[in-house]
Amino acid sequence: MKKLHEMSLSSLAGLLKSGELSPVEICRAFIGRKNEVEPFVGAFLNFNEEGILEQARLSENRWKKSSPLSPYDGIPIAVKDNIAVSGERCSCASKILENFISPYDAFVIEKLKSKGFVTYGRTNMDEFAMGSSCENSAFGKTFNPWDVSRVPGGSSGGAAASVAARQVPVALGSDTGGSIRQPAAFCGCVGLKPTYGAVSRYGLVAFASSLDQIGPMSNTVEDAKIIFDLISGRDKRDSTSIDMPSSPVVQSLPGNDLSGLRIGLPKEYLETEGLDAGVRKIVMDSLEVFRKQNAEIIEVSLPAIRYAIADYYVIATAEASANLARFDGIRYGRRAQSDDLIGTYFKSRGQGFGKEVKRRIILGTFVLSSGYYDAYYLKAQKIRTMIREDFRKAFEKCDAILSPTSPAPAFKFGEKSDALQMYLADIYTVSVNLAGVCAVSVPADLHPQLQMPVGIQLIGSHFGENCILRIADSFEKNRKQREFIPSVQGGINA
Ligand code: GLN
């Protein structure tokens, strides 16, 4: 029998329905687990235990009156600190928003609250979602629950660590270039980056608006699908959002049989420099799992992928420099004392932003500046089109593309102190955002030497979520290592 805090969202919903568990019991069990392991994990920036229990009690009353808002009424979901929840602090792990309280709910939060979900704490992240390790948070480290000397990944590292350490069954993250998938892979959980436009960005603090998407993190593929189905859809406050087109063909496929589905393996991906041998082996082993389920494996080519990292860091920083201009000490958050207006801007931004955020603002301003715009920004947009075309062509031949999520398992703190080294670790994830397609990371196995979780990524075409989730679900049920539950042994914080 599994412990309560080890149960999935769907199992918890079953126990709520049968009356075996109440919302207060569920929330208390997760809070208990959180109090036990959080000193070693450090996943949360804010956690209001009383507020959580209050939400659970309200939910309990609804169940007592036989009028729950949904089968999930009373189940907790953790929220990354860049997604607005009315009345809660939304700091983006930045000093500049240290005391900022959201005046409204993000679209995704409205949706989840309308189904009775309990918003459960604010999870740590890289400042303004810029980073791949959570080391850029202004408010301290989050540790990988599998090995506290290693990073949880980023930028949604707190969300991934909280889900993997079973402090909460599901969480919301955001993904601009891999920030849901890479930490999910590092911590051994599932992370879905939806198609651009599938989920409204209303209430998500913008990093790079043409790349950002909110998505679920969970311990099972089924749970990721449940949350995705609840949060996706058209919202008039985000003009890029649309309702998901339905894909009945994929939904009607039977259980474990992937017959008729073609999985593409991009030859460029397995030739990349820096791909860890253990990770490579796990990807090759997973091919066998797919073959056994009758999927056809074919080779595809994504030649423009070699420009993806450079392209991403031009486009993302350009957009970030514009988006972050609003944080000037006047309208939001922290204001530094100065004698004049310009001084207030300079000091507020100078003191409020961390090193990586400043680096990106400077880089982004540079690539947009007159004289350099054509050479960098315009060129980057052209390359973005090439990358998109590569994917379009590949998806003419296959239904999903398989790759590692990250070239190596979770690294040690401080190991990638050189910014460029950190950027290179995004090799498999950024192109997905540039093309606007969807992708899911699923735990595949433990690394042979390091015993750390390794994830594989399944990339789908635009609005191909049902297809990749279907394949991921079947993989999850047939992979060698069945469960990914870390023991969470303290070291650093203990
Ligand atoms: N690691 C990438 C970056 O630093 C991706 C971040 C993200 O997806 N938010 O920009």
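The values are calculated or read from the model by the stated rules, or taken from the named source; none is laboratory data. All of these numbers come straight from a predicted model, not from anything done at the bench. When we count neighbours, we look across all protein chains shown, and the Cβ atoms used for this are built from the backbone with ideal geometry, even at glycine. Surface accessibility is based on the protein's heavy atoms, side chains included, excluding ligands, DNA and RNA. Shrake-Rupley method; radii C 1.70, N 1.55, O 1.52, S 1.80 Å.
Summary of computed values
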{"item": "Ellipticity estimate at 222 nm from DSSP helix runs (n ≥ 4, -39,500 (n - 2.57)) divided over the chain, nearest 500", "result": "-11500 deg cm²/dmol"}
{"item": "Quotient of Cα Rg and 2.2 N^0.38 Å for segment 169-219, N being how many residues it contains", "result": "1.06"}
{"item": "Highest average packing first - 96-106, 454-464, Cβ atoms within 10 Å", "result": "454-464, 96-106"}
{"item": "Cα-based reach from K379 at 19 Å (exclusive), listing aspartates and glutamates while leaving out same-chain residues under 8 positions away", "result": "D311, E319, E389, D390"}
{"item": "For the chain: accessible area per residue (Å², 1.4 Å)", "result": "38"}
{"item": "Greater than 31 Å apart at Cα, pairs in K17/K281; K111/K267; K17/K236; K2/K225; K111/K416; K2/K64", "result": "K17/K281; K111/K267; K17/K236; K111/K416"}
{"item": "Label point 7 Å beyond Cα of K267 along Cβ direction - residues of segment 306-327 with amide nitrogen under 18 Å", "result": "306-307"}
{"item": "Neighbour-limited loop hits for chymotrypsin sites (Phe, Trp or Tyr not before Pro), segment 1-96 (at most 14 other Cβ within 10 Å; DSSP other than H, G, I, E, B)", "result": "none"}
{"item": "Estimated dipole of segment 87-223 in Debye, rounded to 20 [Cβ of Lys and Arg +1, of Asp and Glu -1, Cα centre]", "result": "120"}
{"item": "Built amide H within the under 5 Å cut-off of L261, gap 5+", "result": "E296"}
{"item": "Kirkwood hydrodynamic radius (C-alpha pairs) into Stokes-Einstein, segment 403-494, 37 °C and 0.692 mPa s, D in µm²/s", "result": "218"}
{"item": "Separation in nanometres of the label points that stand 7 Å from Cα toward Cβ, at K397 and Q381", "result": "3.1"}
{"item": "Range of Cα positions in segment 1-88 per principal axis (Å), largest first", "result": "36, 35, 19"}
{"item": "Distance in nm between pseudo-label sites at R326 and A277 (7 Å out along the Cβ direction from Cα)", "result": "5.0"}
{"item": "Net lengthening on full extension, N99/E25 (0.36 nm per residue, minus Cα-Cα)", "result": "23.5 nm"}
{"item": "Restricting segment 1-107 to trypsin sites (Lys or Arg not before Pro) in coil, as DSSP defines it, with at most 11 other Cβ within 10 Å", "result": "K2, K3, K65"}
{"item": "Cα convex hull volume per residue for the chain (Å³)", "result": "142"}
{"item": "Equivalent ellipsoid semi-axes - Cα gyration tensor, segment 324-447, angstrom", "result": "36, 22, 13"}
